[in-house]
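Supplied in structure tokens, the structure appears directly below.
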Amino acid sequence: MNPPVITAYTLRYLAACERRVWLDQHGDVTARVAPAPEYASGGIEHEQRIVGRAFGPMTPVPVGSWPEMLRVTQKLMRQGVAGIRGAAFERVIDLPTPVCVRGRVDWLRRVSTPSRLGNWSYEPIEIKQRAALQAEDLLQLDLYMWLVGAAQEREPEGWFWLGRDADYQPLQVIEHAYSESRLLAVLNRVAQVMTAAEAPPIFLGKPCQICPWHSACEQTAAVQ
């Protein structure tokens, strides 16, 4: 049996609703209803414009099978390309049962800090359209730094780029204060929720509006 998979999205979902984390692992997939795509489109366009202006050309990891994306990511890192878009990483750890932790880092920047790769290494950058950080953002970048650090055998720095000016430069550049203990505590909680025998209680609220399990939870709540 394959171990449960934890991603950056899983960490973000946990903060809003533990039930969603459980349903993503155990729920009937036919009950899922995908949210409207416009919820994410604005943020994606913002990231692409910021990166295009600040980074220049980036080498993308083509979307394909997960093993292939892992392989291409490692190849590009060994080659020392200047920037990588969509880099894929994976680690399996015991919490205490085995879980597979995965992440796709939107933007990796090469820096002149030696690592097992050579005279260079990479650091993740999280680009947000909004001007204020959320607690989930910190966990997301914790995860990316943890994954990248293991892949290159050197802990990287990590950065938030927030907002933009008229020239599509970030309004704020904030160095992230990485906390492995914070990350591992949340990973442990996610593993506990995922492996629980029953789903956590239903709490309907504003975050539910963009959750694919919204209709299923409303139906369940109506008959309880």
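The values are calculated or read from the model by the stated rules, or taken from the named source; none is laboratory data. Keep in mind it's a predicted model, so treat the numbers as computed, not measured. Every residue, glycine among them, receives a Cβ derived from its backbone with ideal geometry; neighbour counts consider all protein chains shown. Heavy atoms of the whole protein, side chains included, go into the accessibility calculation; ligands, DNA and RNA do not. Shrake-Rupley method; radii C 1.70, N 1.55, O 1.52, S 1.80 Å.
Condition check ((1) in contact with a helix residue (DSSP H, G or I) (Cβ under 9 Å, 6 or more places away or on another chain); (2) open to solvent by 30 Å² or more (accessible area, probe 1.4 Å)) across all residues:
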| position | (1), (2) |
| --- | --- |
| Asp137 | yes, no |
| Glu155 | yes, yes |
| Leu162 | no, no |
| Asp165 | no, yes |
| Tyr168 | yes, yes |
| Glu198 | yes, yes |
| Cys208 | yes, no |
| Ala222 | no, yes |
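Listed here are the residues, each with its yes/no results for (1) of a type in the set (A, V, I, L, M); (2) at pLDDT 95 or above.
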| position | (1), (2) |
| --- | --- |
| Pro170 | no, no |
| Ser181 | no, yes |
| Met194 | yes, no |
| Ala199 | yes, no |
| Ile202 | yes, no |
| Gly205 | no, no |
| Cys208 | no, no |
| Cys211 | no, no |
| Ala222 | yes, no |
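Considering only residues that are more than 16 Å from Arg32 (Cβ to Cβ) and either among the aliphatic types (A, V, I, L, M) or over 25 Å from the mean Cα position of the chain (by Cα) (or both), which ones fall in region 203-224?
Leu204, Ala221, Ala222, Val223, Gln224
Since Arg91 meets every condition but one in (1) part of a loop (DSSP other than H, G, I, E, B); (2) in contact with a Leu (Cβ under 8 Å, 6 or more places away or on another chain); (3) of a type outside the set (Phe, Trp, Tyr), which condition does it not meet?
That leaves (1) as the condition not met.
So in region 101-134, with the set limited to residues that are small (Gly, Ala, Ser) and farther than 21 Å from Trp66 by Cα, which one is most open to solvent (accessible area, probe 1.4 Å)?
Ser112
Check Ser65, Ser41 and return the single one that is more than 18 Å from Pro201 (Cα to Cα) and at pLDDT 90 or above.
Only one candidate qualifies: Ser65.
A further question on this structure: Does region 179-197 hold any residues that are without any contact (Cβ under 8 Å) to a residue 40 or more places away in the chain and in contact with a Phe, Trp or Tyr (Cβ under 8 Å, 6 or more places away or on another chain), and which are they?
Passing the criteria: only Glu180.
For region 78-100, give me the residue count where each residue is in contact with a helix residue (DSSP H, G or I) (Cβ under 7 Å, 6 or more places away or on another chain) and open to solvent by less than 10 Å² (accessible area, probe 1.4 Å).
First pass over region 78-100, keeping only residues in contact with a helix residue (DSSP H, G or I) (Cβ under 7 Å, 6 or more places away or on another chain): 84, 87-91, 95, 97, 99.
Of the ones still in play, those that are also open to solvent by less than 10 Å² (accessible area, probe 1.4 Å) are 84, 87-89, 99.
Of the residues in that region, 5 qualify.
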